[in-house]
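Participant: Sharing a structure below in structure tokens format, with a few things to ask.
The values are calculated or read from the model by the stated rules, or taken from the named source; none is laboratory data. Please read these numbers as outputs of a predicted model, since none were measured by experiment. FYI the Cβ positions are ideal-geometry reconstructions off the backbone, even for glycines, and counts take in every protein chain you see. Heads up: the accessible areas ignore ligands, DNA and RNA and are worked out on the full protein's heavy atoms, side chains in. Shrake-Rupley method; radii C 1.70, N 1.55, O 1.52, S 1.80 Å.
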Amino acid sequence: MDADFLNAFTQPAAVNQFLVENVITPGEKRKLIKPTSSNNPKLEQLKLLLIDWINTTLKEEHIVVKSLEEDLYDGLVLHHLLENLGSLKLDVDKIALTEKKQRQKLSVILEAVAKCLQLEESQLKWSVEAILAKDLLSTLHLLVAIAKHFQPSLAFPPNVHVETITIENTSKGLKTANGVEYITGSKENSEEQSTDDAFDELFSRAPERLDDVKKVFLQFVNQHVGKLGLNVKDMESQFADGVILLLLIGHLEGYFLNLRDFFLTPASTTEMLHNVNLALDLLTDGGLLNFSVNSEDIVKGDLKTTMRVLYCLYSKYKAKET
């Protein structure tokens with residue numbers, strides 16, 4: 001099993017629960033929302049918006065949806081929704097009780113959606129099997145696409161994104177890849193961010209250049225935090241508590257950081273995590289961070305993670321310094 005598989009979940013219990021609820025058959029590849037994104041406020045806002053939209057649309061038919069995963073998988077709600085929105089007459093039974101009938105029904109419905117939205121198969125972010133398996137990510141992509149086509153005035157929360165894990169059952173075991181996927185917003189069509197990037201290449205194939213890259217980053221950081229009377233010499237340890245990272249972001253992005261919002265002298269791991277999470281939120285809100293970061297890695301002094309985050313700032317402001 002890939003070592004990153006366990007790291008993709010916040011608690012070991014979540015892994016066991018995942019394996020109980022999801023069976024990845026040999027040769028199968030599935031992309032799922034990580035449990036770490038389950039309490040994302042923007043995700044919850046999007047889900048509530050879609051539920052309210054469906055219930056309002058189907059009010060006269062006395063259909064009430066409470067859960068996107070549990071109430072849409074059999075095709076009944078989707079059938080009514082499409083007939084109501086697009087006046088489409090689908091040649092399938094309203095109610096499908098067996099899994100075979102549900103699969104057939106979904107096949108007809110999704111084919112009608114693709115045709116109506118003029119989407120090629122390669123553009124689809126959902127499938128019959130995924131919807132039937134109550135996959136939330138696929139269900140969200142499907143509903144957002146339908147809503148944007150038939151009711152473009154619907155006010156979606158912008159830039160809703162989730163952390164994902166793609167799992168593939170290969171002959172050598174489970175292969176995993178972490179990523180971030182946008183459901184709404186300007187980056188909604190982006191593919192998942194692979195964990196294999198330039199920094200992986202640097203650490204694995206060109207370690208002799210690592211010190212040179214560190215020097216570039218340290219020079220960049222000190223050029224700015226030096227104006228605040230600070231000096232960074234050790235990238236692994238001095239960013240671990242989040243203080244210098246916050247001050248750097250605040251200085252570059254022009255944020256006023258209230259001392260009550262973070263811990264200037266954190267005395268525990270919890271306080272350090274608070275600082276780092278606040279910094280990551282600022283980068284995300286500013287459009288600088290579009291991939292998932294485990295804040296614990298920074299607190300633990302993981303150099304690769306710290307460099308990835310610093311690069312978000314460096315790539316934006318280096319051009320202004322030349």
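Participant: Among the residues of segment 119-141, write down those that are open to solvent by less than 10 Å² (accessible area, probe 1.4 Å) and without any contact (Cβ under 8 Å) to a residue 60 or more places away in the chain.
Facilitator: 131
Participant: Within the set of pairs 6 or more residues apart or between chains, which connect a residue that is in a helix (DSSP H, G or I) inside segment 268-291 to a residue that is surrounded by fewer than 18 Cβ atoms within 10 Å (Cβ to Cβ) and of a type in the set (Gly, Ala, Ser) with Cβ atoms less than 9 Å apart?
Facilitator: As it stands, the answer is 282/250, since those pairs meet every condition given.
Participant: Can you give me the ranges of the helices (runs of 4 or more DSSP H) entirely in segment 198-265 with at least 1 residues that are in contact with a His (Cβ under 7 Å, 6 or more places away or on another chain) and either at negative phi or surrounded by 17 or more Cβ atoms within 10 Å (Cβ to Cβ) (or both)?
Facilitator: Values: elements: 198-205, 210-225, 235-238, 243-253.
Once the helices (runs of 4 or more DSSP H) in segment 198-265 are filtered for at least 1 residues that are in contact with a His (Cβ under 7 Å, 6 or more places away or on another chain) and either at negative phi or surrounded by 17 or more Cβ atoms within 10 Å (Cβ to Cβ) (or both), what remains is 210-225, 243-253.
Participant: So for segment 183-201 (the condition being in contact with a strand residue (DSSP E or B) (Cβ under 8 Å, 6 or more places away or on another chain) and modelled with pLDDT of 85 or more), does at least one residue qualify?
Facilitator: yes
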